[in-house]
Amino acid sequence: MSFQASLFDSQSTAGDQVVARFAPDFAGWQNAARRLLAAGIAPARVWWQPTPDHEQADADAPASGARVPKAFVAQARTVSCHRDDDRWALLYRLLWRLTHGERHVLQLAGDADTARFNRYAKAVRRDVHKMKAFVRFREVPDTDDGAPRYVAWFEPEHFIVAYVSGFFQRRFANMRWSILTPVGCVHWEGQGQLWFSPATDRSAAPEGDALEQAWQIYYRSIFNPARVKVRAMQSEMPQKYWKNMPEAHLIPTLLRDADRRVQAMEANRKHSDALRCGPRPASPEADNAAAVAASTPASLERLALQATTCRNCPLWQPATQTVFGQGPADARVMLVGEQPGDHEDLAGLPFVGPAGQLLDRALVAAGLSRERLYLTNTVKHFKFSPRGKTRLHATPSETEVMACRPWLDAEIGLVAPELVIGLGATAGRALLGTDVRINRDRGRIITHDDRRYLLTVHPSYLLRRGTAAANASEYQRFVQDLAQAVDWV
């Protein structure tokens, strides 16, 4: 019996050990296992030796032709990510048994190999879940073109970086990101450009970014002391992950104060009847009403305070807060977008997320200063669809746009801009009616109700198109549209 030297090294007799050298991933193991199986080499004779620089054997090498359950292949791919070195031998033992008369071995929960196979798969799936839940991206400037890149540091227990990369590729398709780990790194450039690099250490990852304070404020606001279960929380979110999560720095203080806050809540409940006989404590609504009363009549300040309690449509319920417009009250140019996004919802400010950052760059390129413009949105609350721990943008309905229309009309009336720029179809229809078509009407000045309007695309449209190189012409056209406002500033 002879074997290909690139795949096996063998002693001179058929009963001696066989060294199987292979690329240390599932595809490499699968390639080697097929050839071993075709050669009839039993598991006890095989010494598995993963070799990082090993080249795959040629595609015409003999294959076994044996068929195994799809469930085994899927779970074997998961088990191949486990940290223990014996995983390759375990997989081959089960493969051998499945193809040599033990077709139902995976159904024997008490079998030692099956039990270990299931235990390894469970550990890897748990590690994958932790990575999906606890990766926290931080924004860093990209030195190549100035566009933001989002970098995260994570410490997996197993070799899951390539295995879980597809999830992050789908979930954050419009971002350029890198996930750095001590077992390997993955990078996404958009437009199908996913690549891997060797392991690195914690020093290569950023410590924080500008949005972390806003995220901590949001986390503190949703922390419910009456529902704290420390053991369950530590089981789901072990302390080893805390150092890489910005909100985790708040947990010790929040836990320390939880009992006091619960006691105060209980005391307020028990004495609510007695409190009605004396002065009532101020409520957020009362505080807001007092602030409105103290503000300047017919001002943007008063309008923004009034909008914080808007209940014209159901969007206020899941949103963190109302996101009102920002800019000088006498701005000659107003930009109107669709609605706040995830970053804006947390920060309470318009155009601070990825689309806002792209808009900032385009404004500079067009010769405009954001500080001299008034920026707002057609809808003042973030509409989203929850996907796990991520909130995905959802387009507001016509009813929701109409519910927010009084706030937009009031803003336009108070600012009295000479030019209103509508960013995207939602803003265009709210400003000019349903007959608006961005492709048809983009880039030209439209006079409507004694006011001038200019329509262009929303910056998020450019982000969805992919990389800067592939999007260069559309970006330049966007800049040219904005540059028409220079004469009014």
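The values are calculated or read from the model by the stated rules, or taken from the named source; none is laboratory data. Remember, it's a predicted structure, so these values are computed and weren't measured experimentally. In this analysis, Cβ positions are derived from the backbone assuming ideal geometry, glycine residues included, and neighbour counts consider all displayed protein chains. Side chains included, ligands, DNA and RNA excluded: accessible areas come from the protein's heavy atoms. Shrake-Rupley method; radii C 1.70, N 1.55, O 1.52, S 1.80 Å.
Anything over 21 Å Cα to Cα? Flag those among K130/K229; K70/K130; K70/K122, in the order listed. Distance filter (> 21 Å) returns K70/K130.
Rolled with a 1.4 Å probe across the full set of protein chains, the surface gives D342 an accessible area near 50 Å². Rounded to the nearest 20, the Cβ-based charge dipole of segment 166-211 about its Cα centre (Lys and Arg +1, Asp and Glu -1) stands at 200 debye. Of the accessible area of segment 57-204, computed with a 1.4 Å probe over protein heavy atoms only, carbon and sulfur atoms account for 52 percent.
Rank A425, Q326, A307 by how far each Cα sits towards the positive end of the charge dipole of segment 307-465 (+1 on Lys, Arg Cβ; -1 on Asp, Glu Cβ) and give me just the farthest. Among A425, Q326, A307, the one farthest towards the positive end of the dipole of segment 307-465 is A425. Ordered from highest to lowest accessible area with the whole protein assembly present and a 1.4 Å probe, I438, I160 read as I438, I160.
The distance between label points at L255 and E155 comes to 1.7 nm (points 7 Å beyond Cα on the Cα→Cβ vector). Overall, the accessible surface of segment 387-487 at a probe of 1.4 angstrom is composed of carbon and sulfur to the extent of 47 percent.
Applying a DSSP loop filter and a limit of 12 other Cβ atoms within 10 Å to the chymotrypsin sites (Phe, Trp or Tyr not before Pro) in segment 402-489 leaves nothing. Magnitude of the charge dipole for segment 281-359, about its Cα centre and with charges confined to Cβ atoms of Lys, Arg (+1) and Asp, Glu (-1), is about 180 debye. Legend: calculated FRET efficiency, A27 to R103, from the Cβ-Cβ distance at R0 = 22 Å, rounded to 0.05, equals 0.35. Amide H contacts of R138: V151, A152, each under 5 Å away and 5 or more positions distant or on a separate chain (H built 1.01 Å from N in the peptide plane; Pro and chain starts excluded).
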